[in-house]
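Trainee: This is the structure I want to talk about, given as structure tokens.
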Amino acid sequence: MNRRDFLNMSVLSTAAFSLPVTATTAGWRTFELNYDIELLGLAGPADLWLPLPQTLGDFQRAETPVFQTNADSRNLYQDPNDGTPLFHARWNKPASSRVAKLSMRVSTRDRQTGLKESRQALPDEALRYLRASPSMPIDGIVAERAAEITRGAKGQLQKSHAIYQWIVDNTFRDPKVKGCGRGDIRYMLESGDLSGKCADLNSLFVGLARASGVAAREVYGIRVADSSQFPSMGKSGDISKAQHCRAEFYLPGTGWVPVDPADVRKVVLEEKLPLSDPRVGMLRKRLFGYWEMNWVGFNRARDLTPQPPTREPLKFFMYPHAETAHDASDDLDPPSFRYQIQSREI
């Protein structure tokens with residue numbers, strides 16, 4: 001690869017990329033993520049989109065990525081609507097090997113949120129997370145089930161807690177589901193099949209919360225280190241298949257509150273513990289208001305149309321995505337490209 005193919009993008013000034021990692025206070029950890037992607041045997045032009053970590057609140061700081069590629073064009077892009085950061089590369093002609101390598105550092109610290117509710121109005125940035133989207137309905141059976149679950153609950157906190165407890169009690173992790181799941185919550189409720197993985201169970205929390213008048217959103221990301229809580233809640237080294245979706249709801253007087261009912265069900269399945277086990281009970285209580293940050297967040301994008309646009313909107317953007325003029329690869333089982341994501345703690 002010649003010199004012109006090496007681009008250090010630290011000259012960009014967009015906030016999602018340019019904040020320096022200065023993790024000097026207690027509790028901060030720094031990770032280096034390395035992406036290695038190769039598109040194989042594709043005829044005609046090809047495009048690649050990579051989800052990237054971004055700076056989030058006071059618990060995650062992301063540096064500017066550095067990348068190498070033999071693509072004809074490449075760019076870092078930040079979605080103007082929700083700040084979703086991504087890397088895009090395009091190859092205009094067929095090639096025997098089309099490659100992209102990207103490296104960046106992210107610092108995180110565990111996120112613990114208090115639960116104090118007030119009568120403050122929702123800020124503008126939370127109002128958008130009350131609305132439905134093409135793949136996130138909040139009417140029909142979603143609204144009906146939300147009303148049943150939250151009957152008698154008063155305020156945003158009680159409603160959110162009732163929904164969280166219902167998710168933990170009634171859903172199941174299905175290890176046969178590809179990737180992180182489809183997030184098709186209407187199907188889950190209509191069929192009565194409440195099994196799935198994190199993008200199913202945590203999306204169900206979000207949809208039921210919105211249908212109850214609680215602003216809520218998914219946060220899509222990837223595990224980057226072993227967990228101090230349970231082995232099944234962590235991954236280090238080769239994290240190519242360690243994507244994980246979490247959720248948040250907005251509590252007036254507090255702000256965004258982290259939750260993760262899907263990981264409670266993951267522990268029940270993979271640690272072979274009954275829901276009644278005291279260790280599960282402690283985790284269940286803890287994950288309503290807490291994230292262990294051995295995970296980094298990419299974005300909160302649901303039904304994303306990136307720039308340049310993909311053939312169809314991305315229901316969620318958690319995996320590398322590639323397309324040619326004739327084919328959009330399956331992100332969960334890509335036949336026409338391979339990728340590896342490595343994580344190491346610095």
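Trainee: Restrict the check to region 283-290 and report whether at least one residue is part of a strand (DSSP E or B) and not β-branched (Val, Ile, Thr).
Mentor: yes
Trainee: Just checking, which of Phe172, Phe249, Phe205 is touching a residue at least 40 places away in the same chain (Cβ under 8 Å), within 20 Å of the chain's Cα centre (by Cα) and open to solvent by 30 Å² or more (accessible area, probe 1.4 Å)?
Mentor: Being touching a residue at least 40 places away in the same chain (Cβ under 8 Å), within 20 Å of the chain's Cα centre (by Cα) and open to solvent by 30 Å² or more (accessible area, probe 1.4 Å) holds for just one of Phe172, Phe249, Phe205, which is Phe172.
Per-residue answers, yes or no, for (1) out of contact with any Gly (no Cβ under 7 Å at 6 or more places or on another chain); (2) open to solvent by 70 Å² or more (accessible area, probe 1.4 Å):
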position: Met282; (1), (2): yes, yes
position: Phe288; (1), (2): yes, no
position: Phe298; (1), (2): no, no
position: Thr310; (1), (2): yes, no
position: Leu314; (1), (2): yes, no
position: Thr324; (1), (2): no, no
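Trainee: May I pose another question? Scan region 154-165 residue by residue and report those that are surrounded by fewer than 16 Cβ atoms within 10 Å (Cβ to Cβ) and more than 19 Å from Pro274 (Cβ to Cβ).
Mentor: Lys154, Gly155, Gln158
Trainee: Something else: Among what's in region 30-62 and is open to solvent by 20 Å² or more (accessible area, probe 1.4 Å), at pLDDT 95 or above and in contact with a Lys or Arg (Cβ under 7 Å, 6 or more places away or on another chain), pick the residue that is farthest from Asp238 (Cα to Cα).
Mentor: Thr55
Trainee: Looking only at residues that are touching an Asp or Glu at 6+ places or on another chain (Cβ under 8 Å) and without any contact (Cβ under 8 Å) to a residue 60 or more places away in the chain in region 91-125, which one is surrounded by the most Cβ atoms within 10 Å (Cβ to Cβ)?
Mentor: Trp91
Trainee: Which condition number in (1) acidic (Asp, Glu); (2) within 20 Å of Thr84 (Cβ to Cβ); (3) touching a Ser or Thr at 6+ places or on another chain (Cβ under 6 Å) is the one that Asp174 fails?
Mentor: For Asp174, the exception is condition (2).
Let's see how each residue does on (1) of a type in the set (S, T, N, Q); (2) assigned to a loop (DSSP other than H, G, I, E, B); (3) in contact with a Pro (Cβ under 8 Å, 6 or more places away or on another chain); (4) open to solvent by less than 10 Å² (accessible area, probe 1.4 Å):
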{"site": "Ile167", "(1), (2), (3), (4)": "no, no, yes, yes"}
{"site": "Arg186", "(1), (2), (3), (4)": "no, no, yes, no"}
{"site": "Ala199", "(1), (2), (3), (4)": "no, no, no, yes"}
{"site": "Gln229", "(1), (2), (3), (4)": "yes, yes, no, no"}
{"site": "Ser240", "(1), (2), (3), (4)": "yes, yes, no, no"}
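Trainee: Restricting to region 63-89, what's the tally of residues that are without any contact (Cβ under 8 Å) to a residue 60 or more places away in the chain and either open to solvent by 40 Å² or more (accessible area, probe 1.4 Å) or assigned to a strand (DSSP E or B) (or both)?
Mentor: The number of residues fulfilling the criteria is 9.
Trainee: Do we find a residue being modelled with pLDDT of 95 or more and under 29 Å from Met104 (Cβ atoms) anywhere in region 209-217?
Mentor: The answer is yes, given that some residue of region 209-217 is modelled with pLDDT of 95 or more and under 29 Å from Met104 (Cβ atoms).
Trainee: Okay, moving on. Being assigned to a loop (DSSP other than H, G, I, E, B), more than 20 Å from the chain's Cα centre (by Cα) and small (Gly, Ala, Ser) is the filter here, so list the residues in region 118-141 that pass it.
Mentor: If the condition is that a residue be assigned to a loop (DSSP other than H, G, I, E, B), more than 20 Å from the chain's Cα centre (by Cα) and small (Gly, Ala, Ser), then Ser118, Ala121 are the ones that fit.
Trainee: Which members of region 252-279 meet the condition of being buried (at least 24 other Cβ atoms within 10 Å of the Cβ) and in a helix (DSSP H, G or I)?
Mentor: Within region 252-279, Pro261, Ala262, Asp263, Val264, Arg265, Val267 meet the criteria.
Trainee: Determine whether Glu144 is surrounded by fewer than 20 Cβ atoms within 10 Å (Cβ to Cβ), touching a helix residue (DSSP H, G or I) at 6+ places or on another chain (Cβ under 9 Å), without any contact (Cβ under 8 Å) to a residue 60 or more places away in the chain and assigned to a helix (DSSP H, G or I).
Mentor: The answer is yes for Glu144.
Trainee: Examine region 115-125 for a residue that is closer than 19 Å to Tyr339 by Cα and touching a strand residue (DSSP E or B) at 6+ places or on another chain (Cβ under 6 Å), and state whether such a residue exists.
Mentor: no
The values are calculated or read from the model by the stated rules, or taken from the named source; none is laboratory data. Because the structure is a prediction, the values reported are computed rather than measured. Note that we place each Cβ from the backbone using ideal geometry, even for glycine, and neighbour counts take in every protein chain shown. Remember, those area values only see protein heavy atoms, side chains included, never the ligands or the DNA or RNA. Shrake-Rupley method; radii C 1.70, N 1.55, O 1.52, S 1.80 Å.
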